[in-house]
Amino acid sequence: MPTRAPRIIRDSFILLTAGGVVLLGVVSGSIWLANGARASADRVQLSQQTRSHAYRLQGLAQDAETGQRGYLLTGRDSYLQPFLDAQRDLPGELAALDAALNAEGRDGEMDKAAALVRAKFAELDDTLELVRSGDRAAALAIVNSDRGRTLMDSVRAETDKIIDSSDRRVEAASRDLQDNARIQAVVSVAGGVVVVIFVAFAGWSALRYTRDLLRARGEIEALNRELEARVAARTTDLVRANDEIQRFAYIVSHDLRAPLVNVMGFTSELEEGLGAVRRFVTAPANERKGALKDDAEVAVEEDMPEALDFIRSSTRKMDRLINAILKISREGGRVLTPEDIDLGPLVEGQFQALGHQFEALGAVFHVDGELPTVVSDRLALEQVFGNLLDNAVKYLDPKRPGRVEVSARDLGSRVEVSVEDNGRGIAPQDFNRIFELFRRSGAQDRPGEGIGLAHVRTLVRRLGGEISVDSRLNHGATFRVVLPKTLSTFYAESPNA
């Protein structure tokens, strides 16, 4: 064995070093891919800004035409205000759209749209000047010539091209994010397999050649089993976390930075721990004692598990962030489908889906009065009231009989639907916090990631409404959803409104 020991030690050292390098490569690759995801998210944000400015430019032309029509019909200056406001805002909006397109490298897309918009405003201004000069007949002749309608149709067509191009860019960036996720999965799995193979072979060599190294092999194998579990868990988390990212560029660029810094920092601690173990393994058998052994034991039993725990915690946080973003972004990208919806049967259906939870708690569900009928998107409303009822029954107080009540009141063009419970309630300082991603209130003794209410708020706002909460601790909470009776075509046709 004396003649073979140096070779075994050398091979073991090489294999362990290679495993550490592979692990470091996996972590570095993850950081690089995360940076790529952030860049793609920035592209999404730029395209969304361009899209918004194009919609705004289209709206200014429509507002201006509305003001012109009102003035021609009535001759009253008050009807001309929309035109004057649009004329005032036009230069700034043209400049904003031009700047947004330039930021994306789309310089040539602005020229025709800007020319058509200016031509439309010039046509409107011509008719108004004729009216002011007393020649209303000539102004009406221009209107009846369909020149204005043709120009407006051309403005819509050009701005729609810009909007469609922005949508395609968003889709392309989303595909890039998906590709990043697939690459991340391959890199993580391959790196984990290579690390396991390297370390397993090092352990097998130690077991074959020396009884003293047998103890070291046992320690290494124990460490390897833990590393394998950590790598597998981390791989799963990263696959889930990087499946898709489409929106919320701020969260991607800001909130993901903290866990990435933790991963990098504790990777350095892993390297230091591996160094202590390596020094113990490579030392001659008669020197594996004292401080050398103590350092290796501390590294294996304390430092490295602690570093791995922090790395796992950080990667799990990344997973929750990205999955929440994906859930909300998918809903944000869906085109709403307005239809007549009787909220009574809809809410009753959501209660039936949760009936076993109410039954298990002995809780009562009640609808106070008749719920209204609205024109809105059925799937979005099912998700809104399903989440609110699920939250209500989840946080009932087991010390008293549970009760959940749904009621509504008419607000003119809008309706307010309230979901009230007698659960444990929410502290006033958390009223706004609970609607933010990954923010929860009170004792964390119920399953959940702090996503549901953020998703509900996104859905409600997409429907053109608002949601609020009123509560007292230990007395219950009331969530109030205010919705338009009829979903605006702006919200129905604008996935990112």
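Could you please tell me which pairs satisfy a Cβ distance under 9 Å, a separation of 6+ or placement on different chains, a first residue in the stretch 418-429 that is in the same structural domain as E370 (by TED's automatic domain parsing) and closer than 15 Å to F358 by Cβ, and a second residue that is among the hydrophobic types (A, V, I, L, M, F, W, C) and assigned to a loop (DSSP other than H, G, I, E, B)?
Once the first residue is in the same structural domain as E370 (by TED's automatic domain parsing) and closer than 15 Å to F358 by Cβ and sits in the stretch 418-429, its partners that are among the hydrophobic types (A, V, I, L, M, F, W, C) and assigned to a loop (DSSP other than H, G, I, E, B) give D421/A363; D421/L396; N422/L396; G423/L396.
So, in the stretch 477-493, of the ones that are surrounded by 21 or more Cβ atoms within 10 Å (Cβ to Cβ) and at pLDDT 90 or above, which residue ends up farthest from R414 (Cα to Cα)?
A477
Would you be able to tell me the number of residues in the stretch 416-427 that are surrounded by fewer than 21 Cβ atoms within 10 Å (Cβ to Cβ) and at pLDDT 90 or above?
4
Spot the failing condition for V21; the list is (1) over 28 Å from the mean Cα position of the chain (by Cα); (2) farther than 30 Å from A307 by Cβ, and only one is missed.
Only one criterion in (1) over 28 Å from the mean Cα position of the chain (by Cα); (2) farther than 30 Å from A307 by Cβ is unmet by V21, namely (2).
Going through V187, V193, V155, V170 one at a time, which residue ends up being at pLDDT 75 or above and within 30 Å of L292 (Cα to Cα)?
The unique qualifying residue is V193.
Given (1) among the basic types (K, R); (2) modelled with pLDDT under 90; (3) in the same structural domain as E466 (by TED's automatic domain parsing); (4) in contact with a helix residue (DSSP H, G or I) (Cβ under 9 Å, 6 or more places away or on another chain), identify the lone condition not met by R378.
(2)
Test N180 against the stated conditions and say whether it is within 30 Å of D77 (Cβ to Cβ), polar (S, T, N, Q) and at pLDDT below 80.
When the stated conditions are applied, N180 does not pass them.
Of all residues in the stretch 445-463 being at pLDDT below 85 and under 16 Å from the mean Cα position of the chain (by Cα), which is surrounded by the fewest Cβ atoms within 10 Å (Cβ to Cβ)?
Out of the qualifying residues, it is E449.
Considering only residues that are among the acidic types (D, E) and under 37 Å from the mean Cα position of the chain (by Cα), which ones fall in the stretch 263-305?
Scanning the stretch 263-305 gives E269, E271, E272, E302, D303.
Name the residues in the stretch 358-412 that are of a type in the set (V, I, T), under 20 Å from R424 (Cβ atoms) and assigned to a strand (DSSP E or B), would you?
V364, V404, V406, listed by residue number.
Can we say I220 is farther than 25 Å from T282 by Cβ, part of a helix (DSSP H, G or I) and modelled with pLDDT of 70 or more?
Details: farther than 25 Å from T282 by Cβ: no; part of a helix (DSSP H, G or I): yes; modelled with pLDDT of 70 or more: yes.
Taking the combined requirement at face value, the residue does not satisfy it.
When only residues in the stretch 179-193 that are out of contact with any Leu (no Cβ under 9 Å at 6 or more places or on another chain) and not small (G, A, S) count, which is farthest from L23 (Cα to Cα)? Reasoning before the result, please.
Initially, the stretch 179-193 is screened for residues out of contact with any Leu (no Cβ under 9 Å at 6 or more places or on another chain), giving 179, 182, 186, 189-190, 193.
Right, trim to not small (G, A, S) and you get 179, 182, 186, 189, 193.
Numbers: D179: 21, R182: 18, V186: 14, V189: 11, V193: 10 Å.
Going through the qualifying residues, I end up with D179.
Which condition number in (1) in contact with a His (Cβ under 8 Å, 6 or more places away or on another chain); (2) more than 29 Å from L128 (Cβ to Cβ); (3) not β-branched (V, I, T) is the one that L97 fails?
Condition not satisfied by L97: (2).
Any chance you could count how many residues in the stretch 458-475 are charged (D, E, K, R) and over 23 Å from A427 (Cα atoms)?
Total meeting the criteria: 2.
Please go through the stretch 1-18 and pick out each residue that is at pLDDT below 75 and either within 31 Å of the chain's Cα centre (by Cα) or assigned to a helix (DSSP H, G or I) (or both).
Across the stretch 1-18, the qualifying residues are A5, P6, R7, I8, I9, R10, D11, S12, F13, L15, L16, A18.
So the check is Cβ under 9 Å with 6+ separation or different chains; which pairs have a first residue in the stretch 358-374 that's farther than 13 Å from V393 by Cβ and outside the structural domain of D390 (by TED's automatic domain parsing) and a second one that's of a type in the set (S, T, N, Q) and part of a loop (DSSP other than H, G, I, E, B)?
Close Cβ pairs satisfying both conditions: none exist.
The values are calculated or read from the model by the stated rules, or taken from the named source; none is laboratory data. Worth saying up front: this structure is predicted, and the values here are computed from it rather than measured. Note that we place each Cβ from the backbone using ideal geometry, even for glycine, and neighbour counts take in every protein chain shown.
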